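First comes the structure, then the notes that go with it.
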Amino acid sequence: MGEELGVSTRKEENFSQWYLEVVRKGGFADQRTPVKGCDVFMPWGFGIWENIQSIADPMFKERGVKNAYFPLFIPKSLLEKEAEHFEGFVPEVAWVTRGGDRELDEWLAIRPTSETIMYYTFSKWISSYRDLPLRINQWVNVVRWETKATKPFLRSREFLWQEGHTVHASWEEAKREVDEMIEVYSKIFDEYLALPFLILKRTENDKFAGADFTVAFDTFVPEAGRVLQLGTVHHLGQNFSKPFEITFKDRDQKVKYAYQTSWGFSTRLIGAVIAVHGDDRGAVIPPRVAPVQVVIVPILFKGKEEPVLKAARELLEKLKEIGVRVELDDREDKTPGWKFNEWELKGVPLRIEVGPRDVEKGGFTVVRRDTGEKRFEAEVERVPELLEEIQRSLRERAWKRLEESIVVVEDLEGVKRAVEEKKIAKTYWCGRDECEFGVKEEIGAEIRGTRYDVDESEEAKNKKCFFCGREAKFTVYIAKSW
Ligand SMILES: [Zn+2]
């Protein structure tokens, strides 16, 4: 019964295969498309994205961010305007070179990100300090022509994201924007997606192409021993405002170059939710972002169908009334066991079973997806409370697992061992490129950066660089990544 439906791979044993099975069988995405890395976001996966949007969008707007839409095509000359930016992105740009049957005079990039096309326009919108700050966001698709193996949500050629772009009168004001957006992102990832993370300032080599500095959120998947970037916030300084001539006349009548930030997260968050919270039976979706929070499965026995179905339908209506996203699975061609398997694989946080005995007792049986705990409930009002309990416990478990995955080590051997044991190495670094590139070459793990939210520089005092043994300057985190 339903054997073919379940996940055949254990998460711990082969994470990649487990992940692909869950994504496909759980109805999150379909990779069987004619173009590699351009996957279908199926309703269950897309539903999570819609919920993330409905959470994040009002938070952005509350901060004065306005949504807009900028063109998909970016002329090559525009993309080239900021040299570092162009160099950083050109290896993965998809180009349009023909229109109909004619060669184009100028190649058009399909947006890999929209700094250049937006800032071209911003320069026409901004002329005075009164036009600042400007805060624009767009929810769009982007294309990055990955050559490595692709994985739905985690690494794909086309994905969906939001990109926020702000313009300010001073470096400090842009810095405040960066810090405030870090708070907003923290809230979304932590309180809604129940995802734990390290907030890291990326190294000079690893920062966004064209940024003054980049702050990134890294979550961790213990079974895979890899960190996963959830989102980034960049302080762009005047690096774009100069080539794009985004200037404003300040209060002192002087014309100045503006300061900018950009920030984004993508549909990779769906992959992160699956990867971090899932178990051997499939995905476990945090209630606050689950497209369906509760599924009701009637347990039908011959001759006793009517009262059970009636009770199930009443429960459905009551739960809807109190704002629960709920579905009644009354398919007649599937057994309850088959349905349990399917909904477990999809990661529905709470299952409600209604059988003849539940009806007699005047209630229903709840089964938690995260713990498997099963019990009788009589009060409908208990359901939202239970969902919040699940949300909390998923969050706590995930944070605990991240904290337990960080090991402090002092030399390359220690870093190597940590990475082999699927951990994150916390260690000390001199700051030189040689050691940063060296560790990547030798063990395939990267320096992910220094803590941004907590000052850990003191810890590096009197320490030696893990790689070269010279005096250390930074406390850094090293891990494998996707
Ligand atoms: Zn060193």
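The values are calculated or read from the model by the stated rules, or taken from the named source; none is laboratory data. Since this is a predicted model, take the numbers as computed values, not measurements. Please note: Cβ atoms are built from the backbone with ideal geometry, for glycine as well, and neighbour counts cover all protein chains shown. With ligands, DNA and RNA removed, areas are computed over all heavy atoms of the protein, side chains included. Shrake-Rupley method; radii C 1.70, N 1.55, O 1.52, S 1.80 Å.
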- Query: What residue, among those in the range 9-36 that are out of contact with any helix residue (DSSP H, G or I) (no Cβ under 6 Å at 6 or more places or on another chain) and of a type in the set (Lys, Arg), is most open to solvent (accessible area, probe 1.4 Å)?
  - Reply: Arg32
- Name the pairs whose Cβ atoms lie under 8 Å apart, with the first residue in the range 412-434 and without any contact (Cβ under 8 Å) to a residue 40 or more places away in the chain, the second of a type outside the set (Gly, Ala, Ser) and part of a helix (DSSP H, G or I), and 6 or more positions between them or separate chains? Lys416/Glu442; Lys416/Ile443
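Return yes or no: is Lys400 in contact with a strand residue (DSSP E or B) (Cβ under 6 Å, 6 or more places away or on another chain) and at pLDDT 95 or above?
On the way: in contact with a strand residue (DSSP E or B) (Cβ under 6 Å, 6 or more places away or on another chain): no; at pLDDT 95 or above: yes.
Spelling it out, it is not the case that Lys400 is in contact with a strand residue (DSSP E or B) (Cβ under 6 Å, 6 or more places away or on another chain) and at pLDDT 95 or above.
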- Query: Looking at Phe467, Phe437, which is the one that is within 14 Å of the ligand (Cβ to nearest atom), of a type in the set (Phe, Trp, Tyr) and either touching a helix residue (DSSP H, G or I) at 6+ places or on another chain (Cβ under 7 Å) or in the same structural domain as Ala224 (by TED's automatic domain parsing) (or both)?
  - Reply: Phe467
- Query: With (1) within 13 Å of the chain's Cα centre (by Cα); (2) among the β-branched types (Val, Ile, Thr); (3) outside any helix (DSSP H, G or I) as the list, and Thr203 as the residue in question, which single condition is left unmet?
  - Reply: (1)
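Within the range 355-368, can one find any residue that is part of a loop (DSSP other than H, G, I, E, B) and either in contact with a Gly (Cβ under 7 Å, 6 or more places away or on another chain) or open to solvent by 20 Å² or more (accessible area, probe 1.4 Å) (or both)?
Taking the range 355-368 and keeping what is part of a loop (DSSP other than H, G, I, E, B), we get 355, 362-363.
Checking which are either in contact with a Gly (Cβ under 7 Å, 6 or more places away or on another chain) or open to solvent by 20 Å² or more (accessible area, probe 1.4 Å) (or both) leaves us with 362.
Yes, the range 355-368 contains a residue that is part of a loop (DSSP other than H, G, I, E, B) and either in contact with a Gly (Cβ under 7 Å, 6 or more places away or on another chain) or open to solvent by 20 Å² or more (accessible area, probe 1.4 Å) (or both).
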- Query: Just to be sure, is Ala445 within 16 Å of the ligand (Cβ to nearest atom) and either open to solvent by less than 70 Å² (accessible area, probe 1.4 Å) or more than 30 Å from Lys361 (Cβ to Cβ) (or both)?
  - Reply: yes
- Message: Go through (1) buried (at least 18 other Cβ atoms within 10 Å of the Cβ); (2) in contact with a Ser or Thr (Cβ under 8 Å, 6 or more places away or on another chain) for Gly225 and report which single condition fails.
- Response: (2)
- Failed condition for Asn205, given (1) in contact with a Ser or Thr (Cβ under 6 Å, 6 or more places away or on another chain); (2) open to solvent by 40 Å² or more (accessible area, probe 1.4 Å), with all others met? (1)
- Query: Is the range 318-325 home to any residue that is modelled with pLDDT of 95 or more, crowded, with 17+ Cβ neighbours inside 10 Å and in a helix (DSSP H, G or I)?
  - Reply: yes
- Phe467: open to solvent by 40 Å² or more (accessible area, probe 1.4 Å), within 28 Å of the chain's Cα centre (by Cα) and among the aromatic types (Phe, Trp, Tyr), yes or no? no
- Task: Name the strands (runs of 3 or more DSSP E) wholly inside the range 239-316 in which the number of residues that are free of Cβ contacts under 8 Å to residues at least 40 places away in the same chain, open to solvent by 40 Å² or more (accessible area, probe 1.4 Å) and β-branched (Val, Ile, Thr) is 1 or more.
- Result: 255-257
- Note on the structure: (1) among the hydroxyl-bearing types (Ser, Thr, Tyr); (2) within 15 Å of the ligand (Cβ to nearest atom); (3) open to solvent by 10 Å² or more (accessible area, probe 1.4 Å) all hold for Ser393 apart from (2)
- Scope the range 409-426; condition within 26 Å of the chain's Cα centre (by Cα) and either basic (Lys, Arg) or within 16 Å of the ligand (Cβ to nearest atom) (or both); matching residues: Lys422, Lys423, Ala425, Lys426
